[in-house]
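Worksheet: one structure, shown below.
The values are calculated or read from the model by the stated rules, or taken from the named source; none is laboratory data. If you're wondering where the values come from, they're calculated on a predicted model, not measured in any experiment. Every residue, glycine as well, gets a Cβ built from its backbone with ideal geometry; the counts of neighbours run over all protein chains shown.
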Amino acid sequence: MPKIIITVDEAKCIRCLDCVEVCPRDVFDFNEKMKKVVLLNENECIICRQCLELCTTEAISIEGALRFKPKNVPPYARKERVLGYYPYYEVI
């Protein structure tokens, strides 16, 4: 597994908690005291990209992972991206 660096941009994060809910490895958590999303253990990340695809504000970044850019993404495509199907994205 390549070395990856996960960051959550607090300025962009709207605290929807989609990343916390979707992550199969519990990499993210919401710290009630600090009122922000925090990383519990980024070493557990399997780079499934579900957090990136669900984050509507692009607050999450994963360095060392493949990056995609959208191309003509229709509004209904959000569910398809979560399921790991990327017909509207291309590798950059």
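Yes or no, residue by residue, for (1) in a helix (DSSP H, G or I); (2) surrounded by fewer than 17 Cβ atoms within 10 Å (Cβ to Cβ); (3) out of contact with any Leu (no Cβ under 9 Å at 6 or more places or on another chain):
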position: THR7; (1), (2), (3): no, yes, no
position: LYS12; (1), (2), (3): no, yes, yes
position: ARG15; (1), (2), (3): no, yes, yes
position: CYS19; (1), (2), (3): yes, no, no
position: ASP26; (1), (2), (3): no, yes, no
position: LYS33; (1), (2), (3): no, yes, yes
position: VAL38; (1), (2), (3): no, yes, yes
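Taking interchain pairs and intrachain pairs at least six residues apart, which have beta carbon atoms under 7 angstrom, with the first residue in the range 12-38 and on the phi > 0 side of the Ramachandran plot and the second in a loop (DSSP other than H, G, I, E, B)?
Taking only residues 6 or more apart or on different chains, the pairs are ASP26/LEU40.
Restricting to the range 47-58, name every residue that is in contact with a Lys or Arg (Cβ under 7 Å, 6 or more places away or on another chain) and surrounded by 12 or more Cβ atoms within 10 Å (Cβ to Cβ).
Within the range 47-58, just GLU53 meets the criteria.
What single numbered condition from (1) modelled with pLDDT under 95; (2) surrounded by 11 or more Cβ atoms within 10 Å (Cβ to Cβ); (3) not aliphatic (A, V, I, L, M) fails to hold for PRO74?
(2)
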